[in-house]
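Inspection log for the structure reproduced underneath, given as structure tokens.
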Amino acid sequence: MNSRELLSEQLQGQPFLKNTTNPSVKKLFLESYGCQMNFSDSEIVASILQNEGYSTTAEASHADLILVNTCAIRDNAEQRVRQRLQDYKKIKSQSSKPVLIGVLGCMAERLKKKFLEEEQLVDVVVGPDAYRDLPQLLQQAESGQQAINVMLSREETYADIAPVRLDPNGVSAFISIMRGCDNMCSFCVVPFTRGRERSRDPESIINECRSAYENGYREVTLLGQNVDSYKCINGADTINFSDLLDRLATQLPQLWIRFSTSHPKDMTDAVLKVMAQHHNICKYIHLPVQSGSNSVLQKMNRGYTREWYLNRIQSIKTWMPDCAVSTDIITGFCEESDSDHQQTLDLMKEVGFDYAYMFMYSERPKTLAERKFKDDVSPLVKNQRLQEIISLQRNTSKLQLEKYRNTVQEVLIEGDSKKSASHWMGRNSQNAVVIFPKHSESKGDRVRVKIDASTFTSLFGNRVL
Ligand code: SAH
Ligand code: SF4
Ligand code: F3S
């Protein structure tokens with residue numbers, strides 16, 4: 001599980017409205033799996049159902065409606081969801097009132113009718129582009145009919161729906177700027193579950209960021225599967241990702257801006273230049289490499305070579321010597337040899353990533369890789385390789401964090417440290433976690449912290465004025 005998945009995990013079943021004592025109000029339990037985009041979609045769903053009079057509950061057993069927003073990226077993600085749905089089916093059968101169970105998101109899109117027919121687990125199935133149809137689908141399900149809408153759209157961006165923020169921290173907001181993906185990496189299910197790429201109108205993005213700031217948020221993360229291909233045509237005006245960043249950073253100078261995910265084949269120097277020009281665009285890029293071997297990259301259909309990737313890293317360091325870089329890596333992709341794996345290790349050493357999200361390859365139905373290549377690396381070898389890259393990355397992350405010792409970092413306070421209520425947890429521009437003792441500052445403040453110590457995952461220090 002990566003930290004983005006962890007984030008959603010921590011937020012599972014999080015109430016987004018006050019529990020109400022009015023028994024006539026219907027109660028919703030909403031749980032999210034997968035990436036930040038899925039989490040951001042749950043905020044859209046929450047908004048649509050709030051308008052239908054739903055109030056939330058953190059207890060599935062109190063709910064009239066249980067919704068699970070699902071992820072299909074790897075088989076283990078799907079297995080976890082299936083287990084949860086079994087649990088909810090049990091709750092439903094034991095409840096004294098009628099309960100509906102709905103499955104949303106990428107697994108709903110992938111499995112479609114199967115959920116209603118074979119599995120008999122759920123009453124409502126809704127794909128990522130059909131959430132506006134939820135009220136009508138729920139009515140259908142209430143009257144005992146099958147309720148499903150998994151139509152993908154070429155236009156839907158939910159731009160006009162003001163999300164109900166589910167993240168209880170109130171400091172960082174996640175804002176989708178585009179949907180879908182046109183890339184067709186051979187291992188990836190996302191183009192099938194999220195459909196064609198489309199970008200959201202820049203004004204609605206800027207307005208949402210402004211409204212987040214006015215509501216106390218101090219940081220936004222712009223989300224898209226490939227933010228570098230953001231493109232919105234407004235009459236004669238074409239706005240690309242660097243333009244969007246520039247406008248946002250200029251119009252909202254007090255807001256910290258992050259984004260994810262950048263794609264190595266599309267990340268331009270224009271974006272790097274805009275990042276370097278604005279202090280409020282955080283110096284952190286998530287740039288998934290997937291593999292260090294050209295033959296694997298080619299089979300993955302990633303659209304770049306190892307050399308191109310290293311050139312992008314060079315460019316980042318030229319524009320912003322202090323920029324942190326994280327990555328995603330898959331071990332044991334089809335026909336990956338020991339030498340391919342070694343090249344991934346070598347690339348990791350050469351780049352010195354600040355952080356990495358690492359996964360064993362999981363074959364996904366209908367993908368190009370499933371149709372064209374053999375999933376022929378044994379689970380044992382996949383796992384050995386994964387453990388090897390995890391242990392290399394752990395040491396690299398530790399070394400990268402040591403570099404901050406004896407420096408002063410600007411830190412945005414996100415909330416209490418998990419381990420101690422007398423300490424704050426925040427992040428610097430480079431996304432490193434910083435822990436320091438509380439004094440008179442508050443959550444959402446940006447403060448200067450002198451770093452005295454570091455571990456594999458965090459920095460520790462004291463506030464300086
Ligand atoms: N759009 C992003 C990634 C989205 S999915 C990008 O292009 O980089 C997040 C990560 O999950 C991917 O970067 C990849 O490392 C991993 N992933 C995707 N499909 C996978 C699969 N079939 N098996 C294992 N890991 C996978
Ligand atoms: Fe999947 Fe590739 Fe699109 Fe990322 S860019 S979502 S890995 S197809
Ligand atoms: Fe995200 Fe999982 Fe879908 S990673 S886009 S929720 S398949």
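The values are calculated or read from the model by the stated rules, or taken from the named source; none is laboratory data. Note that the structure is predicted; figures quoted are calculated from it, not measured. In this analysis, Cβ positions are derived from the backbone assuming ideal geometry, glycine residues included, and neighbour counts consider all displayed protein chains.
Scanning the stretch 162-207 for residues that are within 16 Å of ligand 2 (Cβ to nearest atom) and either free of Cβ contacts under 8 Å to residues at least 40 places away in the same chain or not in a loop (DSSP other than H, G, I, E, B) (or both) turns up 176, 178, 179, 190, 191, 192, 193, 194, 197, 198, 199. Annotation: residue 210 fulfils all but one of (1) surrounded by fewer than 22 Cβ atoms within 10 Å (Cβ to Cβ); (2) within 16 Å of ligand 3 (Cβ to nearest atom); (3) outside any loop (DSSP other than H, G, I, E, B); the unmet one is (2). Tell me yes or no: at least one residue of the stretch 384-396 is over 28 Å from the mean Cα position of the chain (by Cα) and either under 21 Å from residue 280 (Cβ atoms) or modelled with pLDDT of 95 or more (or both). Scanning the stretch 384-396, I find no residue that is over 28 Å from the mean Cα position of the chain (by Cα) and either under 21 Å from residue 280 (Cβ atoms) or modelled with pLDDT of 95 or more (or both), so the answer is no. Just so you know, in the stretch 225-247 the residues that are surrounded by 22 or more Cβ atoms within 10 Å (Cβ to Cβ) and closer than 29 Å to residue 445 by Cβ include one that is nearest to ligand 2 (Cβ to nearest atom), and it is 227. Counting just the residues of the stretch 84-112 that are hydrophobic (A, V, I, L, M, F, W, C) and part of a helix (DSSP H, G or I), which one comes out surrounded by the fewest Cβ atoms within 10 Å (Cβ to Cβ)? Only one residue fits best here, namely 91.
Among the residues making up the stretch 23-33, those that are in a loop (DSSP other than H, G, I, E, B) and surrounded by fewer than 24 Cβ atoms within 10 Å (Cβ to Cβ) are 23, 24, 25, 26.
Scanning the stretch 157-203 for residues that are away from ligand 1 (no atom under 16 Å from the Cβ) and on the phi > 0 side of the Ramachandran plot gives 158, 170. Among residues of the stretch 248-266 being of a type in the set (A, V, I, L, M, F, W, C) and part of a loop (DSSP other than H, G, I, E, B), the one that is surrounded by the most Cβ atoms within 10 Å (Cβ to Cβ) is 255. Residues that are of a type outside the set (Gly, Ala, Ser) and touching an Asp or Glu at 6+ places or on another chain (Cβ under 7 Å) were ranked within the stretch 277-298; the one that is farthest from residue 328 (Cα to Cα) is 283. Of the residues that make up the stretch 277-293, is at least one away from ligand 2 (no atom under 16 Å from the Cβ), buried (at least 20 other Cβ atoms within 10 Å of the Cβ), among the hydrophobic types (A, V, I, L, M, F, W, C) and not in a loop (DSSP other than H, G, I, E, B)? Yes: the stretch 277-293 contains one or more residues that are away from ligand 2 (no atom under 16 Å from the Cβ), buried (at least 20 other Cβ atoms within 10 Å of the Cβ), among the hydrophobic types (A, V, I, L, M, F, W, C) and not in a loop (DSSP other than H, G, I, E, B). Taking the stretch 281-295 as the range and being in contact with a strand residue (DSSP E or B) (Cβ under 8 Å, 6 or more places away or on another chain) and either under 16 Å from residue 187 (Cα atoms) or within 16 Å of ligand 3 (Cβ to nearest atom) (or both) as the test, the residues that pass are 286, 288, 289, 290, 291.
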